[in-house]
Structure formats: C-alpha cells, structure tokens
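Participant: Let me begin by handing over the structure; questions about it come next.
The values are calculated or read from the model by the stated rules, or taken from the named source; none is laboratory data. What you are looking at is a predicted structure, and each value in this text was computed from that prediction instead of being measured. Reconstructed Cβ throughout: ideal geometry from the backbone, glycine too, with neighbour counts over all protein chains shown.
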Amino acid sequence: GQQLNQSPQSMFIQEGEDVSMNCTSSSIFNTWLWYKQDPGEGPVLLIALYKAGELTSNGRLTAQFGITRKDSFLNISASIPSDVGIYFCAGLEISGGGADGLTFGKGTHLIIQP
Amino acid sequence: SQTIHQWPATLVQPVGSPLSLECTVEGTSNPNLYWYRQAAGRGLQLLFYSVGIGQISSEVPQNLSASRPQDRQFILSSKKLLLSDSGFYLCAWSVRVGQPQHFGDGTRLSIL
C-alpha cells in the first residue's frame, strides 16, 4: 500500500522561529492535505493542494504540492504558542473502485519553547 | 455550515463486551463517510468508508464492522471487543470522492 514518510518526527523551536516539515511518497497522489491535531481532538484541515506545483497560503502557513506529485512541504512563519500540536500530511488517491481513504504520514510534533 | 458529531468522547469497556460508536453529519446530503483508528504516536488508519446508505467497504479485516442506516449516520460496532481494539477512533466526512475529509473530535476507547 501507499506509504508517506513525514519528517521531522518532532521539532523543538523558539517562539518566533520559522518551521518547515515535509512528506515524501513512493507513489503519486492526486491531492495533498495538511492537518493539525491538538491533544484529544480530531485533525483539523489546514491546507488542501490539488495540482502539481501548486503553492497555497493560509495566514502564516504555506504549503506546496511537489512537481513530481510525490512530495509536499508545509512552512509556518513566525511561530506562536498556539502552533503547538501534531501536524499530519495526507495523500489522497482516487482508486478505480471509488475508494478515497487518506494515507497519513506519522506526524510532526511541534513544540515551542518560550 | 456542515458539522460532524461523534459520541461518546471516551469509553471504557471490558474485553468481550460489545461496542457501538455513532457519528452523524449535519448540513450536507449524501456525504462520503469514513471511520479511522489512530494508535498512540501514529497516523490514522482507514477502517471503513461509505459512499451511500447501506454501502460499506472495509479496508482492514478485523473485529469491527460498520453500518450506515441513514444518509448522515455512520456506526462502528463490534460484537466482542479485544484488547487490541483500544485506540482513538475518528469519523470523517467529505462532500464527494477526491475532496478533503473533515474529522469529528474522536472517541477514546480503552479496553480493560
């Protein structure tokens, strides 16, 4: 099955620093998604990318869909305490049978030190 | 706007007992519905998905089953829980195939 390699696994940064994380896949995805999950809650969609090469921003967040369709990155500028959480990339593939379950990376745990 | 509700938020069950987790979506019609499980420190694993009433597809053979008795209701069940069924269960919906999925707040299931 599909596998996503997400890195880094965790990040310890100072408030105000920029953050960068990425995901790579052995296969092609039709859509790349980035989610943030707070403890005890479900993931919340941050950014959706639909086209190879697409660069999309959402406030301080910027994400790109790789040209090869096998990778994506997420950048967070000027981090603030509420950015703490686990960030997941997810690839969406539409199979011939109509299934479109997401394949998730294992997450990047962002920790911000005051 | 669309909302998704899951309950209960937490559940503690003995081994061998039955399970029923419910998920409902409001504000949309004929959504695609999904059940995921998240093990500690890991990403989410798709368990079941449904494209319509009574239509269920299983991604992972296991001790669980799913049903969709109404358009916006998705139920995850088990007749006899195993210790390995512990985890964080998430329901999600999408407007159609290929569109982003939106998650509920999850159910934390602990098996004793």
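Participant: Is it the case that B:VAL51 is touching a residue at least 40 places away in the same chain (Cβ under 8 Å), within 11 Å of chain A (Cβ to nearest Cβ) and aliphatic (A, V, I, L, M)?
Facilitator: yes
Participant: Restricting to region A:15-31, name every residue that is under 19 Å from A:THR62 (Cβ atoms) and among the small types (Gly, Ala, Ser).
Facilitator: Scanning region A:15-31 gives A:GLY16, A:SER20.
Participant: Sticking with this one: So which residues in region B:18-41 are hydroxyl-bearing (Ser, Thr, Tyr) and either over 12 Å from the mean Cα position of the chain (by Cα) or crowded, with 20+ Cβ neighbours inside 10 Å (or both)? Lay out the reasoning, then the answer.
Facilitator: Taking region B:18-41 and keeping what is hydroxyl-bearing (Ser, Thr, Tyr), we get B:20, B:24, B:28-29, B:34, B:36.
If the condition is that a residue be hydroxyl-bearing (Ser, Thr, Tyr) and either over 12 Å from the mean Cα position of the chain (by Cα) or crowded, with 20+ Cβ neighbours inside 10 Å (or both), then B:THR28, B:SER29, B:TYR34, B:TYR36 are the ones that fit.
Participant: A follow-up question, please. Quickly run through region A:16-40 and pick out the residues that are farther than 15 Å from B:GLN101 by Cβ and in contact with an Asp or Glu (Cβ under 9 Å, 6 or more places away or on another chain).
Facilitator: Listed by number, the residues that qualify are A:VAL19, A:ASN22, A:CYS23, A:THR24, A:SER25, A:SER27, A:ILE28, A:GLY40.
Participant: Regarding A:GLU17, is this residue outside any strand (DSSP E or B) and closer than 20 Å to B:TRP93 by Cβ?
Facilitator: No, not satisfied.
Participant: When both residues are 6+ apart or on different chains and their Cβ atoms are under 6 Å apart, which pairs have a first residue that lies in region A:25-37 and is more than 21 Å from B:ALA40 (Cα to Cα), and a second that is among the β-branched types (Val, Ile, Thr)?
Facilitator: A:ASN30/A:ILE94
Participant: Checking the condition small (Gly, Ala, Ser), free of Cβ contacts under 8 Å to residues at least 60 places away in the same chain and farther than 26 Å from B:SER50 by Cα, which residue from A:GLY85, A:GLY40 passes?
Facilitator: A:GLY85
Participant: Would you be able to say whether some residue in region B:30-39 is outside any loop (DSSP other than H, G, I, E, B), more than 27 Å from A:ASP38 (Cβ to Cβ) and either touching a residue at least 40 places away in the same chain (Cβ under 8 Å) or among the hydroxyl-bearing types (Ser, Thr, Tyr) (or both)?
Facilitator: No: region B:30-39 contains no residue that is outside any loop (DSSP other than H, G, I, E, B), more than 27 Å from A:ASP38 (Cβ to Cβ) and either touching a residue at least 40 places away in the same chain (Cβ under 8 Å) or among the hydroxyl-bearing types (Ser, Thr, Tyr) (or both).
Participant: If we keep just the residues of region A:20-53 that are facing chain B (nearest Cβ under 8 Å) and in a loop (DSSP other than H, G, I, E, B), which is surrounded by the most Cβ atoms within 10 Å (Cβ to Cβ)?
Facilitator: A:PRO43
Participant: Could you tell me whether any residue of region B:56-79 is closer than 21 Å to A:LEU45 by Cβ, in contact with an Asp or Glu (Cβ under 6 Å, 6 or more places away or on another chain) and either aliphatic (A, V, I, L, M) or assigned to a loop (DSSP other than H, G, I, E, B) (or both)?
Facilitator: No, the conditions are met nowhere in region B:56-79.
Participant: Further question: Checking the structure you have, find out if any residue of region A:85-105 is at pLDDT 90 or above and touching an Asp or Glu at 6+ places or on another chain (Cβ under 6 Å).
Facilitator: There is at least one residue in region A:85-105 that is at pLDDT 90 or above and touching an Asp or Glu at 6+ places or on another chain (Cβ under 6 Å).
Participant: Name the residue, out of B:LEU76, B:LEU44, B:LEU90, that is within 13 Å of another protein chain (Cβ to nearest Cβ), in contact with a Phe, Trp or Tyr (Cβ under 7 Å, 6 or more places away or on another chain), modelled with pLDDT of 95 or more and surrounded by 16 or more Cβ atoms within 10 Å (Cβ to Cβ).
Facilitator: Going through B:LEU76, B:LEU44, B:LEU90 in turn, the sole match is B:LEU90.
Participant: Exactly one condition in (1) at pLDDT below 95; (2) within 26 Å of B:TYR49 (Cβ to Cβ) is not met by A:PRO114; state its number.
Facilitator: (2)
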